Amino acid sequence: MRTKVLGILSLCLVGVILAGSGCKKAPPTPAPKPKAQTPAPATPATPVKPATEAKPAAEAAPIKVGAILAVTGGAANLGGPEAKTAEMFVENLNSAGGINGHKIQLIVKDSGSTPPQAISLAKQLIEEDKVLAIIGPSTSGETMAIKNICQEGKTILLSCAAAETIVNPVASYVFKTPQKDSDAARRIYQTMKDMGITKIGVVTSNDGFGVAGGKQLDALKGEYGITIAANEVYDAKETDLTGVLTKVKGAEVQAVVNWSIVPAQSLVAKNMKQIGFNVPLFQSHGFGNIKYVQAGGEAANGTIFPCGRLLVADVLAADHPQKKVLMDYKGGYEKQYKEDASTFGGHAYDALLLLTEALKKAGSADTDKVRDALENLKGVVGTGGIFNLSATDHNGLDQSAFEMLTVMDGKFAVYQKK
Amino acid sequence: MNLPQIVQYGLSGITVGSIYAIVAIGFNIIYCCTGIINFAQGEFLIVGAMTAISLSHVVPLPVAIAGAVAITTLLGGLIEIVFIRPVKNASVLRLVVVTIGLSIVIREAMLHLWDEKVRSLPYFTGSAVSTVTILGAHISPQVLWVLGVSTVIVTGLTLFLRFTLTGRAMRACADDRMAARLCGINDRWMVTLSFMLSAGIGALAGCVISPVTQTQYDMGAPLAIKGFTVAILGGLGNSMGAVAAGLLLGLLEALVTSQSSAYKEVVSIMVLLLILVFRPSGLFSRSDVSALRMA
């Protein structure tokens, strides 16, 4: 009798755990807050000057800008810095007099890293708050969930998420600021070509980021004369990858590309060293956080990966066009929040930068005029690169937005060909 | 496939297998004493590792690990006293559901205490890049630590349950709680003790594997599924069986990986389903015996 109960019970449990594992990165969040948090910040720790408060009636009405960011939940390491950056940006802008005489009123909403929450927040911002534009969301899944809502609601969306599908195919009101996956893959392949590497192994995680990256690597290999001799997919939560890497090692490759986020990124580096697999390891642009390097310890040394220049802003040549904007952002952020600036916050900075540039150019806060202006922005220097947008390119960054970085003695450094 | 490669797959299988086995043993201790499956077992590992990582910033590594094991042991006891003991009309099913709830609570608490970042303890010997060569294959010295600690735990546990009075009392509770009580065994404290013991072993396991696997707040559940599979495969309550089953599953996974790594999880979940349907008593126990025991 107990055997039977145990059996049935266990089956149910496995079902529950498996079903739960899909969304376990995103802890449950409370139902959408009925009231907009205007203009209070989403992060309690943030000291906000009353800069965004309504000023005397003589002043022009503020321009409302919404932000849907993953301040809590699984993607909190993205959304946290993004929300802080957005608040800092708007605060600075308003204290300098705003745009065209208008202040910006920023409405930050926490999506809890879940697409359903992002959907209800987007509807709220569009229908109730009637915002001009929405900054975010932080992740690709959330962005794809609200892409059509913004398009149909004729509200500009400036996403802080990476996936190429956000702007390809182009939706007229949807833009994104992070660099493209395909450009990251191109930079990796170009570097390999320069090193004389032709035969590689690819390992990717089985989540959205890994799958998208794997596709790009596969699509572009021919262009650079690269052969993928071993292509392995592993579970994103894997705790030991020596088996997978043994297989790749057996294919006698000259280099390995890993496309995943934590914790596997550090694990690949460790496991390769452990099984004595000493070929160069390339990682995706998702590796750009010093915490991941620390998790990989000594094994992370020598990893080569493409990344925006924020991480190496200090060592950038003084005449580099991005030097000033990077140092200003990094300095401002680190001074205000007492934590390291990350590329993610940079994406939110760029989103607001593009929006304000477009507002200046359009000379009005009419949605369609601003949208047209956005599409025609050229040479805007942001933290992610130099943006040249067009009707067919709603990202505006190219390969030059990436710098190849490496890890030396536990620190990031610009990669130099030996 | 040449010899070093085969050995390498084998070692990879043994590494993950011994990790699974050590989780399965935690399941077994509580099962032995109470008949329930503690689904918060995976969380004990992570709590232990996280505590050790935090402590290792202020005290030397061995002290940090000892401290983490002690703290998690107390936590295990506390959880039993607060959440398991007061359950009225405690059926096995009800208690198992309580442990599932506990695992969610512990996981969320860890998210708040330690955030979502991945951490790891330093390597006990050597570093992330040191390797030991065996027959042309390479493994991390930490893997030897994992194997060594699993062996010590299994041996120690078997000796404890067979030859000490307390150990025997625990087994008596598992066999027939009423009879045990009639013999003057304080069965309630035996249950508490079993939770403490499995939490402590879990914490030690979590610390030993942390340098290799790294530690993140939500890693407990996947580990628990594998540990559970192994516990069932080896026969619930059978520690030696768990070790054999762990190594078996690890090697099976390595074999699948050598063909196509994408199917690894599919295979291990299939094993779990098949064993639950066809041989719930495990591979190593005779079904008539366990039917008698469970009746």
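The values are calculated or read from the model by the stated rules, or taken from the named source; none is laboratory data. Treat the numbers as computed from the prediction; the structure is a model and nothing was measured. No Cβ is skipped: glycine too gets one built from the backbone with ideal geometry, and neighbour counts run over all protein chains shown. What goes into the accessible areas is simple: the full protein's heavy atoms, side chains included, and nothing from ligands, DNA or RNA. Shrake-Rupley method; radii C 1.70, N 1.55, O 1.52, S 1.80 Å.
Numbers below:
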quantity: Residue in the range B:207-221 that is away from chain A (no Cβ under 13 Å) and in a helix (DSSP H, G or I) present; calculated: yes
quantity: Filter result for the condition that a residue is more than 14 Å from chain A (Cβ to nearest Cβ), open to solvent by 80 Å² or more (accessible area, probe 1.4 Å), assigned to a helix (DSSP H, G or I) and not acidic (Asp, Glu), over B:190, B:178, B:170, B:196; calculated: B:178
quantity: Helices (runs of 4 or more DSSP H) completely within the range B:30-147 that count 1 or more residues being within 10 Å of chain A (Cβ to nearest Cβ) and at pLDDT below 85; calculated: B:92-114
quantity: Candidate set: the range B:264-278, residues that are within 23 Å of residue A:201 (Cβ to Cβ) and buried (at least 20 other Cβ atoms within 10 Å of the Cβ); chosen: the one farthest from the other protein chains (Cβ to nearest Cβ); calculated: B:264
quantity: Considering residues of the range B:254-263 that are modelled with pLDDT of 80 or more and at the interface with another protein chain (Cβ under 7 Å from one of its Cβ atoms) only, the residue surrounded by the fewest Cβ atoms within 10 Å (Cβ to Cβ); calculated: B:258
quantity: Failed item, numbered, when residue A:248 is tested on (1) within 11 Å of another protein chain (Cβ to nearest Cβ); (2) aliphatic (A, V, I, L, M); (3) surrounded by fewer than 22 Cβ atoms within 10 Å (Cβ to Cβ); calculated: (3)
quantity: Meets criteria (in contact with a Pro (Cβ under 6 Å, 6 or more places away or on another chain) and outside the structural domain of residue A:86 (by TED's automatic domain parsing)) for residue A:237; calculated: yes
quantity: Tally, over the range B:36-63, of residues that are open to solvent by 10 Å² or more (accessible area, probe 1.4 Å) and closer than 21 Å to residue B:234 by Cα; calculated: 1
quantity: Any hit, the range A:210-221, residues being part of a loop (DSSP other than H, G, I, E, B), within 22 Å of the chain's Cα centre (by Cα) and charged (D, E, K, R); calculated: no
quantity: Residue A:228 surrounded by fewer than 20 Cβ atoms within 10 Å (Cβ to Cβ) and either modelled with pLDDT of 90 or more or not in a loop (DSSP other than H, G, I, E, B) (or both); calculated: yes
quantity: The listed residue being more than 10 Å from chain A (Cβ to nearest Cβ) and modelled with pLDDT of 85 or more, out of B:282, B:250, B:246; calculated: B:246
quantity: Residue B:19 being within 10 Å of another protein chain (Cβ to nearest Cβ), within 10 Å of the chain's Cα centre (by Cα) and closer than 15 Å to residue B:230 by Cα; calculated: yes
quantity: Residue within the range B:106-118 that is β-branched (Val, Ile, Thr), open to solvent by 50 Å² or more (accessible area, probe 1.4 Å) and out of contact with any Gly (no Cβ under 8 Å at 6 or more places or on another chain) present; calculated: no
quantity: Residue in the range A:266-277 that is open to solvent by 10 Å² or more (accessible area, probe 1.4 Å), assigned to a helix (DSSP H, G or I) and either free of Cβ contacts under 8 Å to residues at least 60 places away in the same chain or acidic (Asp, Glu) (or both) present; calculated: yes
quantity: Any hit, the range A:272-286, residues being more than 19 Å from residue A:407 (Cβ to Cβ), out of contact with any Cys (no Cβ under 7 Å at 6 or more places or on another chain), more than 8 Å from chain B (Cβ to nearest Cβ) and not aromatic (Phe, Trp, Tyr); calculated: no
quantity: Residues that are more than 16 Å from residue A:414 (Cα to Cα) and in contact with a Leu (Cβ under 8 Å, 6 or more places away or on another chain), drawn from the range A:304-324; calculated: none
quantity: Filter result for the condition that a residue is of a type in the set (Lys, Arg), surrounded by fewer than 22 Cβ atoms within 10 Å (Cβ to Cβ) and either in contact with a Phe, Trp or Tyr (Cβ under 9 Å, 6 or more places away or on another chain) or more than 30 Å from residue A:111 (Cβ to Cβ) (or both), over A:237, A:130, A:123, A:193; calculated: A:193
quantity: Residue satisfying all of: in the range B:148-165; over 16 Å from residue B:208 (Cβ atoms) and open to solvent by 60 Å² or more (accessible area, probe 1.4 Å); nearest to the other protein chains (Cβ to nearest Cβ) among these; calculated: B:162
quantity: Among the candidates B:67, B:76, residue that is without any contact (Cβ under 8 Å) to a residue 60 or more places away in the chain and open to solvent by less than 40 Å² (accessible area, probe 1.4 Å); calculated: B:67
quantity: Some residue of the range A:315-327 being modelled with pLDDT of 85 or more, within 14 Å of another protein chain (Cβ to nearest Cβ) and surrounded by 20 or more Cβ atoms within 10 Å (Cβ to Cβ); calculated: no
quantity: The range A:231-249, subset assigned to a strand (DSSP E or B) and in contact with a Lys or Arg (Cβ under 9 Å, 6 or more places away or on another chain), residue nearest to residue B:210 (Cα to Cα); calculated: A:234
quantity: Filter pass, residue A:300 being within 11 Å of chain B (Cβ to nearest Cβ), farther than 25 Å from residue A:401 by Cα and not charged (D, E, K, R); calculated: no
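Residue-wise test of (1) over 28 Å from residue B:241 (Cα atoms); (2) of a type in the set (A, V, I, L, M); (3) within 17 Å of the chain's Cα centre (by Cα).
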| residue | (1), (2), (3) |
| --- | --- |
| B:30 | no, yes, yes |
| B:45 | no, yes, yes |
| B:73 | no, no, yes |
| B:76 | no, no, yes |
| B:84 | no, yes, no |
| B:87 | yes, yes, no |
| B:99 | no, no, yes |
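Yes/no matrix, rows are residues, columns are (1) within 20 Å of residue A:285 (Cα to Cα); (2) in contact with a strand residue (DSSP E or B) (Cβ under 7 Å, 6 or more places away or on another chain):
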{"site": "A:165", "(1), (2)": "yes, no"}
{"site": "A:168", "(1), (2)": "yes, no"}
{"site": "A:178", "(1), (2)": "yes, no"}
{"site": "A:206", "(1), (2)": "yes, yes"}
{"site": "A:221", "(1), (2)": "yes, yes"}
{"site": "A:225", "(1), (2)": "no, no"}
{"site": "A:242", "(1), (2)": "no, no"}
{"site": "A:254", "(1), (2)": "no, yes"}
{"site": "A:257", "(1), (2)": "yes, yes"}
